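Let me begin by presenting the structure, written as structure tokens, before commenting on it.
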Amino acid sequence: MQKPDTDTPITATNETNQTKNGFLALVSKMAFDEQLPIRFMFKTVPEHLNDTGWRMYTGYESQEYVENELANLVPIPLDKMTAMDSSLKELVTYNAGTVWERAPDSENGWERVYDFKIPSPAVDVDITNDVDRFNQPEVL
């Protein structure tokens with residue numbers, strides 16, 4: 001099986017389960033509260049069946065704002081976002097790992113970004129070889 005190229009929009013011949021499931025994107029509340037356009041977006045691996053993996057921002061969010069996903073990002077149907085901004089329609093067909101940005105008043109529109117590291121959820125893992133720790137009751 002041939003793997004899809006991240007630089008190629010999805011077609012019927014290179015679509016994968018990763019890209020066809022889900023219908024929601026996480027979008028910065030600034031896009032709605034401040035009525036600002038989306039100027040930065042990336043696609044991560046979807047976190048659940050309804051998730052497309054797309055994360056969309058205005059470009060004005062602080063690091064603290066972005067880190068508080070529960071308070072500052074809202075799940076929005078991807079169809080609603082593409083209806084609000086038709087320039088998103090072609091971009092949302094790309095696979096996970098793609099990043100896009102557009103500068104205010106840019107004549108070129110959206111440009112692909114290659115030097116952004118897409119964040120991944122942090123997982124705390126405690127590894128031990130101490131057998132006695134396994135025999136202790138769990139504290140809730």
Go through the residues of the range 120-128 one by one and say whether even a single one is open to solvent by less than 40 Å² (accessible area, probe 1.4 Å) and within 24 Å of Phe23 (Cα to Cα).
no
Looking at Leu24, Leu36 in this structure, which one is over 19 Å from Phe116 (Cα atoms) and buried (at least 19 other Cβ atoms within 10 Å of the Cβ)?
Leu24
Note on the range 105-119: residues at pLDDT 80 or above, of a type outside the set (A, V, I, L, M) and either open to solvent by less than 80 Å² (accessible area, probe 1.4 Å) or part of a loop (DSSP other than H, G, I, E, B) (or both) are Gly109, Trp110, Arg112, Tyr114, Asp115, Phe116, Lys117, Pro119
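How many of the residues in the range 41-50 are among the charged types (D, E, K, R) and buried (at least 18 other Cβ atoms within 10 Å of the Cβ)?
1
If only one of Ser87, Ser28 is more than 12 Å from the chain's Cα centre (by Cα), among the hydroxyl-bearing types (Ser, Thr, Tyr) and at pLDDT 85 or above, which one is it?
Numbers: Ser28 fails: more than 12 Å from the chain's Cα centre (by Cα).
One residue alone meets the criteria, Ser87.
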What's the number of the only condition in (1) in contact with a Ser or Thr (Cβ under 6 Å, 6 or more places away or on another chain); (2) open to solvent by 40 Å² or more (accessible area, probe 1.4 Å); (3) closer than 21 Å to Asp115 by Cα; (4) not aromatic (Phe, Trp, Tyr) that Gly59 fails to meet?
(1)
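Being among the small types (Gly, Ala, Ser), part of a loop (DSSP other than H, G, I, E, B), under 23 Å from Asp115 (Cα atoms) and in contact (Cβ under 8 Å) with a residue 24 or more places away in the chain: is that true of Gly53 here? Full working, then the answer.
Details: among the small types (Gly, Ala, Ser): yes; part of a loop (DSSP other than H, G, I, E, B): no; under 23 Å from Asp115 (Cα atoms): yes; in contact (Cβ under 8 Å) with a residue 24 or more places away in the chain: yes.
The answer is no for Gly53.
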Which of the residues belonging to the range 62-92 are assigned to a loop (DSSP other than H, G, I, E, B), open to solvent by less than 70 Å² (accessible area, probe 1.4 Å) and out of contact with any helix residue (DSSP H, G or I) (no Cβ under 8 Å at 6 or more places or on another chain)?
Ser62, Asp85, Ser87
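The values are calculated or read from the model by the stated rules, or taken from the named source; none is laboratory data. On a predicted model such as this, the values are computed, not experimentally measured, just so you know. Note: ideal-geometry Cβ built from the backbone for every residue, glycine included; neighbour counts use all protein chains shown. Please note that ligands, DNA and RNA were not included when accessible areas were found on the heavy atoms of the full protein model with its side chains. Shrake-Rupley method; radii C 1.70, N 1.55, O 1.52, S 1.80 Å.
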